[in-house]
Amino acid sequence: MADPAIERLRVEFGERSYDIAVGPGLIARAGDEIMPLIRRRQAVIVTDEAVARDYLAPLQDSLSAVGIATHAVVLPAGEGTKDLAHFGRLVDDVLAIGIERGTMLVALGGGVVGDICGFAAATLLRGLDFVQIPTTLLAQVDSSVGGKTAINAAAGKNLIGAFYQPRLVLADTDSLTTLPRREMRAGYAEIVKYGLIGDAAFFDWLEAEGEAVCDLEPAALTPAVMTSCRMKAEIVARDERETGDRILLNFGHTFGHALEAETGFGDALLHGEAVALGMVLAFDFAVRLGIATGQDAQRVRRHIATFGLPTALGEIGLSGEAADRLIAHMGRDKKVRDGRITLILPHRIGEAFVMRDASAEGLREFLASAA
């Protein structure tokens, strides 16, 4: 029987289309959700040590209840896991289980687990089915949807990967109850992004309801997650491989990835925190170029600061002398074309555009002067 507390939407990719389900209790009913999609009654759950403590056993019980044999590979928690060394160990562990092409991988965790598991699914036996069960707010509204899978390289973030769609996304909102407050607010930054790039009315709503979202009030949380997923699903259905407007989803990320690289891809600066600051910098740079208003930039800064997210380079220990290093990181971004830095910049709240030839010198001067 359908659960009225669970909302669903479809990501349209023809015969590769899949559902996103959002609501409480989805880990407990994962077996029923996955069973119609699985080709062999064997699933390998990829998770991390922190998530496994709370959710691995309930997921295994749910799959076993419908006759699916389960195996688990438990990775260390944290961004440092998303590298070639851990990827190599992951695929060796999965292959050692004795898999076939009908075996399904199940990513149980945040964005790191979803990315590395998805990339393993894209490459093992030239492609295995996989399901995303995101357990962080950031993964539920962003990384679990759209089929981007990747690991990090020494040269930068997400430089080794593939576009590979899941068969299903199960966003269990109950899993957010064990999420640290800092992680919750970092994930909220990605929700704000959707309002800033394409839905001013959604940003207005977040100004009123953002605290309720972060407090996990269902009347606010579910609409926020669904709106974010719907916006992303519509964009990626039009532009799966990021040759058109999907690039707008990278708003705040060119700055943000550079900040993550400079701070070591670790707990010093979470991905969502970097994106939050990156969005503020994008508005400030747009104001400097005369293409956005200071009023909008201040409104964005005020909202992001309300949630304890960084809004200035000085808050994360990066002052003007870091400008050259940040520019170097930005120059290695995946969106660079012919040596020119691509930025997603705002005209106003709710409207963003792609600048494909941002001046490196202009960016350097801007970052050097940013407080």
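The values are calculated or read from the model by the stated rules, or taken from the named source; none is laboratory data. No experiment lies behind these values; they were computed from the predicted model shown. Here the Cβ is made from the backbone with ideal geometry for all residues, glycine too, and neighbour counts use every protein chain on show. These accessible areas exclude ligands, DNA and RNA; they are computed on the full protein's heavy atoms, side chains included. Shrake-Rupley method; radii C 1.70, N 1.55, O 1.52, S 1.80 Å.
Conditions (1) modelled with pLDDT under 95; (2) under 23 Å from Tyr55 (Cβ atoms); (3) open to solvent by less than 20 Å² (accessible area, probe 1.4 Å); (4) within 22 Å of the chain's Cα centre (by Cα), marked per residue:
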site	(1), (2), (3), (4)
Leu95	no, no, no, no
Ile99	no, yes, no, no
Val113	no, yes, yes, yes
Cys117	no, yes, yes, yes
Arg126	no, no, no, no
Gln132	no, yes, yes, yes
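Within the stretch 152-164, the set of residues being surrounded by fewer than 23 Cβ atoms within 10 Å (Cβ to Cβ) and in contact with a strand residue (DSSP E or B) (Cβ under 9 Å, 6 or more places away or on another chain) comprises Ala153, Asn158, Leu159, Ile160, Gly161, Ala162, Phe163, Tyr164. Determine, yes or no, whether Leu108 is under 19 Å from Thr135 (Cβ atoms), more than 22 Å from the chain's Cα centre (by Cα) and open to solvent by less than 10 Å² (accessible area, probe 1.4 Å). Here the answer is no, as Leu108 does not meet what is asked. Kindly provide the set of residues from the stretch 286-314 that are assigned to a helix (DSSP H, G or I), open to solvent by 40 Å² or more (accessible area, probe 1.4 Å) and either of a type in the set (A, V, I, L, M) or modelled with pLDDT under 95 (or both), ordered by number. Across the stretch 286-314, the qualifying residues are Val287, Leu289, Ala305, Gly314. When the stretch 249-285 is filtered for residues that are touching a residue at least 40 places away in the same chain (Cβ under 8 Å), of a type in the set (A, V, I, L, M, F, W, C), within 18 Å of Ile316 (Cα to Cα) and part of a helix (DSSP H, G or I), the ones remaining, listed by number, are Phe255, Ala258, Leu259, Ala261, Val275, Ala276, Met279, Leu281, Ala282.
Glu351 falls short of the stated requirement of being modelled with pLDDT of 90 or more, farther than 14 Å from Thr254 by Cα and out of contact with any Gly (no Cβ under 9 Å at 6 or more places or on another chain). Yes or no: Ala261 touching a helix residue (DSSP H, G or I) at 6+ places or on another chain (Cβ under 7 Å) and either of a type in the set (Gly, Ala, Ser) or buried (at least 20 other Cβ atoms within 10 Å of the Cβ) (or both)? It is true that Ala261 is touching a helix residue (DSSP H, G or I) at 6+ places or on another chain (Cβ under 7 Å) and either of a type in the set (Gly, Ala, Ser) or buried (at least 20 other Cβ atoms within 10 Å of the Cβ) (or both). Yes or no: the stretch 46-60 includes at least one residue that is touching a Phe, Trp or Tyr at 6+ places or on another chain (Cβ under 9 Å) and open to solvent by less than 10 Å² (accessible area, probe 1.4 Å). There is at least one residue in the stretch 46-60 that is touching a Phe, Trp or Tyr at 6+ places or on another chain (Cβ under 9 Å) and open to solvent by less than 10 Å² (accessible area, probe 1.4 Å).
Scan the stretch 61-89 for residues that are farther than 16 Å from Ala120 by Cβ and buried (at least 17 other Cβ atoms within 10 Å of the Cβ) and the total you get is 6.
The set of residues in the stretch 41-91 being of a type in the set (S, T, N, Q) and either more than 19 Å from Thr136 (Cβ to Cβ) or touching a Pro at 6+ places or on another chain (Cβ under 9 Å) (or both) consists of Gln42, Gln60, Ser62, Ser64, Thr70. Just so you know, in the stretch 173-201 the residues that are in contact with a strand residue (DSSP E or B) (Cβ under 8 Å, 6 or more places away or on another chain) and open to solvent by 10 Å² or more (accessible area, probe 1.4 Å) include one that is nearest to Gly23 (Cα to Cα), and it is Thr173.
Would you be able to tell me the number of residues in the stretch 62-121 that are under 25 Å from Thr263 (Cβ atoms), of a type in the set (D, E, K, R) and in a helix (DSSP H, G or I)? Going through the stretch 62-121 one residue at a time, the tally reaches 2. Please tell me if Gly78 is more than 21 Å from Gly111 (Cα to Cα) and among the small types (Gly, Ala, Ser). Criteria not met by Gly78. All conditions in (1) of a type in the set (D, E, K, R); (2) crowded, with 20+ Cβ neighbours inside 10 Å; (3) at pLDDT below 90; (4) in a helix (DSSP H, G or I) hold for Asp333, with the sole exception of (4).
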